[in-house]
Amino acid sequence: MTDKSFKEWASLSDKALSEHIGGFVRYHRMEQNRTQDELSAAAGISRSTLSLLERGETVTVPTLIQVLRVLDQLQVLSVFEIKETLSPLALVKLQKEKRQRARGKSKQKKSEEETDW
């Protein structure tokens, strides 16, 4: 993996991003002391497909997921977690609609319920 720290992902080209992902895969494969043949067999892909991925060439998302799963690196997908947020105006509207007080039973209803009729 490279020592570069990217703060502006949007400024990178698609090719540079693909190469960065390929470097990530290569780094973790080598950290686990696995050959391309071993990793590709475990992921159910061809060695040439893994080589393409590591070089930053075009591969499918399912292929990338298979490789990340075998490398035990699926946690990188946590950046795709969707967190719903409310705008301040929507939050105020929800607070306004929320009940502010609990209301007990009225005394008149109690007396009507207690009759024997």
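The values are calculated or read from the model by the stated rules, or taken from the named source; none is laboratory data. Note that the structure is a prediction, hence the values are computed from the model and not measured. Backbone-built Cβ (ideal geometry, glycine too); neighbour counts: all protein chains shown.
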For this session: Just one of (1) part of a helix (DSSP H, G or I); (2) loosely packed, with under 10 Cβ neighbours inside 10 Å; (3) modelled with pLDDT under 75 trips up Lys110, so point out which.
Result: (2)
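Tell me, please, whether a residue that is in a loop (DSSP other than H, G, I, E, B) and on the phi > 0 side of the Ramachandran plot can be found in the stretch 12-25. Explain how you work it out, then say what you get.
The initial filter retains those residues of the stretch 12-25 that are in a loop (DSSP other than H, G, I, E, B), namely 12-13.
Those still in the list that are on the phi > 0 side of the Ramachandran plot too: none.
Within the stretch 12-25 (the criterion being in a loop (DSSP other than H, G, I, E, B) and on the phi > 0 side of the Ramachandran plot), the answer is no, since none of the residues qualifies.
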Problem set entry | Hits in the stretch 47-62 - residues which are surrounded by fewer than 14 Cβ atoms within 10 Å (Cβ to Cβ) and free of Cβ contacts under 8 Å to residues at least 24 places away in the same chain | Ser48, Thr60, Val61, Pro62
For this session: State which residue pairs qualify: first residue within 14 Å of Leu68 (Cβ to Cβ) and free of Cβ contacts under 8 Å to residues at least 40 places away in the same chain and inside the stretch 29-45, second residue among the polar types (S, T, N, Q) and part of a helix (DSSP H, G or I) in any location, beta carbons under 8 Å apart, and separation of 6 or more residues or different chains.
Result: Ser40/Thr49; Ala43/Thr63; Ala43/Gln66; Gly44/Gln66; Ile45/Thr63; Ile45/Gln66
Exercise. Here are some conditions: (1) surrounded by 16 or more Cβ atoms within 10 Å (Cβ to Cβ); (2) in a helix (DSSP H, G or I). Val79 meets all but one. Which one does it not meet?
Worked result: (1)
Exercise. Any idea how many residues of the stretch 24-46 are buried (at least 19 other Cβ atoms within 10 Å of the Cβ) and in contact with a Leu (Cβ under 8 Å, 6 or more places away or on another chain)?
Worked result: 6
